[in-house]
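Structure first, then comments.
The values are calculated or read from the model by the stated rules, or taken from the named source; none is laboratory data. Since we're looking at a predicted model, the values are computed, not measured. Positions of Cβ are generated from backbone atoms using ideal geometry, with glycine treated the same way; all protein chains shown enter the neighbour counts. Ligands, DNA and RNA are excluded from the accessible area calculation, which covers all protein heavy atoms including side chains. Shrake-Rupley method; radii C 1.70, N 1.55, O 1.52, S 1.80 Å.
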Amino acid sequence: MNLENQSVVLSSNIGQININNPFFNASGAWCQTKEQLNDLINSNSGGFISKSCTPQHREGNPPVRYWDNQKMSINSMGLPNLGISSYLNLHNDHSYDKPYFLSLAGLNINDNLLMSYNIVDSENIHCISGLEYNLSCPNIIGKGQLGYDFEATNEYLRRIMETPIYDINKSELAIGIKLPPYFELTHFDEISDIVRQFPRLDFMTCINSIANGLVIDTEKEAPVIYPKSGFGGIGGNIVKPTALANVRKFYTLLGDKLDIIGCGGVLNGEDAFHHILAGASAVSVGTSLMVNGPIIFDTLNSQLEDIMISKGYNSIGDFKGKLKGFY
Ligand code: DHB
């Protein structure tokens, strides 16, 4: 037996919620149906999160609404989901013993307030370990991404924190936001100033897909997805540098206040290592989960463990956020 191997621990935490390993599905990937969520329960992910939900069931945009070429993806799903009660009450159908987060993406503030009350009033609230308020869905026709409107983001968080969600103990429920990618350095400062006003926030997930890309099929001379004239959110390996920059920037600005879930371009253990080095406490997987299925979590755990062994790291804390300067 490899003695070095014995001492590697992949556990981490999001706020006060502990996870056995840093890996989650990205909301949207493999988490729309109860069967898919059950696959995640049975996988080696550290935790799992629901599809972004609305108060009621939604069919979403017409197909074809997702496309990938193994490494990158484009989607314009349009929030197809079962409605919050199915996700909130998942435990009635499938039991699980790892952290389960709900992703909330109401179409307006009232939807989100309503869902926040639904959760607080639910007898299954103790089956939920985290809430991710999605401020960055790019695919609702006629609606922009909230996270790009700083005033509206501030107001949205203020209203959410006025609900009884605010009073739930941090050790029982981690509360976070999913942000779109930012590109301007001033925008990182502006969002950080807003986030600092809400100490109940335990985490932020960076990044959602890069909105409104276009992928063209050469033979058909047409877009590869149907909705929005082919425009959709881009994920996969090409978004990784943008994701890393967002994780890194927010870690330097807010790393003492909350945890960061890195999302974007994680296809292998080295990608996860880079996210953690930039400052992520956990790492979520979208395109690569869609391409490979939940078995990807076995691969990611073992590849990350191999990198840690080769570098002599025993725990995530040994390298989290410790990106060095150029030399
Ligand atoms: C959808 C896409 C997203 O990127 C997101 O954050 C939420 C929903 C969708 O189109 O369903």
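Tabulated data for the structure shown
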quantity: Restricting region 221-312 to GluC sites (Glu not before Pro) in coil, as DSSP defines it, with at most 16 other Cβ within 10 Å; calculated: 221
quantity: Distance histogram in 5 Å bins (all Cα pairs of region 125-171, percent per bin); calculated: 4, 17, 23, 20, 17, 12, 6, 1
quantity: Cβ-placed point charges (K, R +1; D, E -1), dipole of the chain about Cα centre in debye, nearest 20; calculated: 380 debye
quantity: Carbon + sulfur, % of accessible area of the chain - ligands and nucleic acids excluded, 1.4 Å; calculated: 49 percent
quantity: Once the Cα gyration tensor of the chain is diagonalised, semi-axes √(5λ) in Å; calculated: 27, 24, 21
quantity: Computed [θ] at 222 nm, helices only, for the chain once each DSSP H run of length n ≥ 4 contributes -39500 (n - 2.57); calculated: -9000 deg cm²/dmol
quantity: Debye-sum result for region 181-270 in log10 I(q)/I(0), which assumes one identical scatterer on each alpha carbon, at q = 0.14, 0.19, 0.24, 0.26 Å⁻¹; calculated: -0.60, -0.89, -1.15, -1.25
quantity: Inter-site label distance for residue 122 and residue 91 at 7 Å from Cα along Cβ, in nm; calculated: 1.0 nm
quantity: Centroid-to-centroid separation of region 213-236 and region 237-251 [C-alpha atoms, Å]; calculated: 23 Å
quantity: Under 5 Å, built H, 5+ apart or other chain: amide partners of residue 28; calculated: 51, 52
quantity: Stretchable slack from residue 256 to residue 108, in nm (0.36 nm times residue separation minus alpha-carbon distance); calculated: 50.2 nm
quantity: Lysine-lysine proximity count for region 124-239, Cα under 22 Å, sequence distance 8 or more or distinct chains; calculated: 4
quantity: About the Cα centre, charge dipole magnitude for region 1-136 (Lys/Arg +1, Asp/Glu -1 at Cβ), debye; calculated: 280 debye
quantity: Theoretical FRET efficiency, 1/(1+(r/R0)^6), r = Cβ-Cβ of residue 169 and residue 214, R0 35 Å, to 0.05; calculated: 0.20
quantity: Projected label distance in nm at residue 185 and residue 162, using a 7 Å step from Cα toward the beta-carbon; calculated: 3.7 nm
quantity: Dipole magnitude (debye, nearest 20) for region 121-275, charges at Cβ of Lys, Arg, Asp, Glu; calculated: 160 debye
quantity: The chain - percent relative contact order, Cα under 8 Å, separation 6 or more; calculated: 22 percent
quantity: Stretchable slack from residue 9 to residue 319, in nm (0.36 nm times residue separation minus alpha-carbon distance); calculated: 110.4 nm
